[in-house]
Amino acid sequence: MKPKVLFCATVDYHFKAFHLPVMEWFQKQGWEVHVVAQGDLVLPHVDHKYNIPIQRSPFKVVNVKAYRQLKSIIDKEDYSIIHCHTPMGGALARMAARGARKRGTKVIYTAHGFHFYKGAPQMNWLFYYPIEKMLASVTDCLITINGEDFRRALASRFRAREIHHVHGVGVHTNMYSPITEERKRELRSSLGYSSDHFLMIYGAEFNTNKNHELLIHALAKLKEKVPEARLLLAGEGSTQESCRELTQQLGVSHMVNFLGFRNDMRKLIPMCDVAVASSLREGLPLNIMEAMASGLPIVATNNRGHIELVEEGQNGFLIDPSDVDAFASRLQLLYTFHESRLEMGRRSLERVKVYSLDSVKDELKGIYNTFMTEQERDGKERLEWNVQ
């Protein structure tokens, strides 16, 4: 009988976006792959999928129902490895797997950015910190994806059996890469842009954390100095309409293109000049890694995820989230000094290599192989004991 691995997260789109290559690898190793999450997506490389009502908010009563369903699945399926993601998916899975761990199941949790971090609201520390510290004691392997979280887990003596730092979820460097000037002209022309336009791109959900307003205010500072500037905003969300209204108020609506949801970012990013990011909080943002792999310099806000990827003055600039003038001035510098912009883009390409999908898969395979070997050894010991 095949060994089984369970992947758990709050919503199934999380796996479509980040973890399909790992699921494919497990199947190639002869494992049966199961997924538990909310949603009706049909995912490749998955043998069985459970749709249960996990909610993002820890205060939703329906999470009690989700916990019971998840515990029933875990107790029935006898998984060898459970790898959980997202705060609520990770919390429910680890609590539901306590009995399974006693029977030999190995539980891995990837923290995609702790909600408690340097500068986080005090409420985050009061609520999330004790929960994560407690749940670490029922975790065989805690994976962090940025240096600040890794150091925090070690310094706080989180009692996970192992704590590792893995470089994110992996960026497809074969999908995201620089393009020739001729190809750039072709793509721009097909979308109504010219070679003279200074294109800045940000791919992110519209919400308060992503802080799109900073970019719009910075663009307003540039409208007289860099009239060729165009801000491309890919994504949808709750703050999109208020951002549209802000562009009208500041007189830059003709300079901002709201692209909506896009599945062609691999074409859009390389044709641009700069990638921008204005979020208040990040774990380790894939959109920045994709831009780096496309050979772009970065102008981003100063937070733990961006600090991990952007080296000040080397492959981009890091700006305080409230400093509109500084954000605008760095964009103007990159517009003015073309060769420096290209050099920063080349440094992005070098810096992103450690975050490539192949590199991250190797890091994860090293962790998985350790637990796979333990499972084989424990299985043989149980068999020998039963024979005796």
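Details
- Among the residues of segment 311-347, those identified as among the aromatic types (Phe, Trp, Tyr) and in contact (Cβ under 8 Å) with a residue 24 or more places away in the chain are Phe327, Tyr335.
- Of the criteria (1) under 23 Å from Glu308 (Cα atoms); (2) in contact with a helix residue (DSSP H, G or I) (Cβ under 7 Å, 6 or more places away or on another chain); (3) outside the structural domain of Tyr368 (by TED's automatic domain parsing), which one Leu246 fails: (1)
- Top-ranked residue in segment 128-149 [being among the hydrophobic types (A, V, I, L, M, F, W, C), more than 15 Å from Leu92 (Cβ to Cβ) and free of Cβ contacts under 8 Å to residues at least 60 places away in the same chain; ranked as surrounded by the fewest Cβ atoms within 10 Å (Cβ to Cβ)]: Ala136
- Residue that is surrounded by the most Cβ atoms within 10 Å (Cβ to Cβ), among those in segment 8-23 that are assigned to a strand (DSSP E or B) and touching a His at 6+ places or on another chain (Cβ under 9 Å): Cys8
- Scan of segment 24-52 for residues that are closer than 26 Å to Ala204 by Cα, of a type outside the set (A, V, I, L, M) and surrounded by fewer than 14 Cβ atoms within 10 Å (Cβ to Cβ), ordered by number: Asp40, Pro44
- Met200 satisfies every condition listed in (1) out of contact with any Asp or Glu (no Cβ under 8 Å at 6 or more places or on another chain); (2) modelled with pLDDT of 95 or more; (3) surrounded by 20 or more Cβ atoms within 10 Å (Cβ to Cβ) except (1).
- Qualifying position, being part of a helix (DSSP H, G or I) and more than 20 Å from Gly89 (Cα to Cα), among Arg152, Arg157: Arg152
- Answer from Asn302, Asn287 - the residue that is of a type in the set (S, T, N, Q), in contact with an Asp or Glu (Cβ under 7 Å, 6 or more places away or on another chain) and modelled with pLDDT of 95 or more: Asn302
- Among residues of segment 160-206, those that are within 30 Å of Asp264 (Cα to Cα) and outside any loop (DSSP other than H, G, I, E, B), counted: 18
- Residue identified as farther than 30 Å from Asp78 by Cα, assigned to a helix (DSSP H, G or I), free of Cβ contacts under 8 Å to residues at least 40 places away in the same chain and of a type outside the set (Gly, Ala, Ser) among Glu308, Glu350, Glu290: Glu350
- Residue match in segment 151-160 (condition: in contact with an Asp or Glu (Cβ under 6 Å, 6 or more places away or on another chain) and of a type in the set (Gly, Ala, Ser)): no
The values are calculated or read from the model by the stated rules, or taken from the named source; none is laboratory data. Please read all numbers here as calculations on a predicted model, not as lab measurements. As a convention, Cβ positions derive from the backbone with ideal geometry for all residues, glycine included, and neighbour counts pool all protein chains shown.
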